[in-house]
Amino acid sequence: MSSPTGPASGLPVRMPRPRQPGRHRRPEPVAAPEGAPALVLAVPGAPSTTTRSLAEEVVSIARSELPGLDARIGYVDGEEDATVTSFPEFPSLQSVLAHAAAERTARVERARAAGAEVADPEGPVAVVVPLLAGPDSALMRRIRQALMDSRAAAELTDVLGPHPLLAEALHVRLSEAGLARADRARLFTVATAADGIVLATVGGEEAVQAAGITGMLLAARLAVPVMAAALDQEGSIAATAEQLLGSGSTQLALAPYLIGPELDSALLDAAAKEAGCAVAEPLGPYPAIGKLALAKYTTTLGITPQQPSGAPAH
């Protein structure tokens, strides 16, 4: 039994941390565990300053959600020849992974040289998150090959979608282009609002099916029909637009279910022109993209951070 001043038995007592009263108190902050693997964002498409800016914003969002996170960027079509002391402007995914593995080995060797007893590291040196909203089997094969070529112990996550936050992002991009109301609850109309949405993706039929799940969530938000189609399948966008027009839609919009780097803008413009659709911007560095990338990372490692807002409960 304990007295008011301490335990009579001499056993230690864990004193509770003072908590902010009320049901709206802030959750305890979560930080990346010490020595946690790096989050490596695998960026598709031709490297450019625009692509780098987008990727940097995505990893910045992830870092803000998980302080202490080691987040890096590797380009699927990036430059090789990265060393521990020298790095190219757009490093390849393979180079980034090899560099992360070399850094971990060097840390262990330094610790042992200083006399510390350090066990061989376990677990992945990095968790690779593809910067893709939907599946693209060709790109995923290349990413897996980069992991194998790097010879680094790395884990590869699935793509970011489908997810309710991506439906939210699509809604925002459409409203920014004047193609959808920003809020269904507000009593105003948008003269150019579309009454049918073509959700454009790349990656063939698998990508179309996955985009259709997010499309259903978008349709529920907008109260208009949404149909997915593949930019990389000839005639797919135009055929889907015809189907929407045949079902009663009169004003269509093309919403890219794409983040940006994987997108051929000329292909998008040509498809929109063929289908006679106005076009919204790609998802880009919308905050949800960084949060979903982090969620893939933490789920792989079994870390329990705050779940992204809008995520379904499990």
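Since every read-out is calculated from the coordinates, none of them should be taken as a lab result. Worth saying up front: this structure is predicted, and the values here are computed from it rather than measured. All Cβ positions, glycine included, derive from the backbone under ideal geometry; neighbour counts span all protein chains shown.
Brief remarks on what is shown
- The calculated Kirkwood hydrodynamic radius for the stretch 238-287 is 11.7 Å, given to one decimal from all distinct C-alpha pairs.
- Charge context of GLU205, other residues only, Cβ under 14 angstrom, K/R +1, D/E -1: -4
- Close amide H contacts of LEU156 (hydrogens built in the peptide plane, cut-off under 5 Å, sequence separation of 5 or more or a different chain): VAL128.
- Built amide H within the under 5 Å cut-off of TYR75, gap 5+: VAL43, SER92, LEU93
- Here the peptides 135-146, 155-166 are ranked by packing, the mean other Cβ count within 10 Å, and the order with the highest first is 155-166, 135-146.
- Applying the criteria of a DSSP loop state and at most 13 other Cβ atoms within 10 Å to the GluC sites (Glu not before Pro) of the stretch 208-280 yields GLU234.
- Residue-wise HN-Hα couplings along the stretch 293-302, as the Karplus relation 6.51 cos²θ - 1.76 cosθ + 1.60 with θ = phi - 60° gives them from phi, are 4, 5, 4, 5, 5, 5, 5, 4, 8, x Hz; Gly and Pro carry x.
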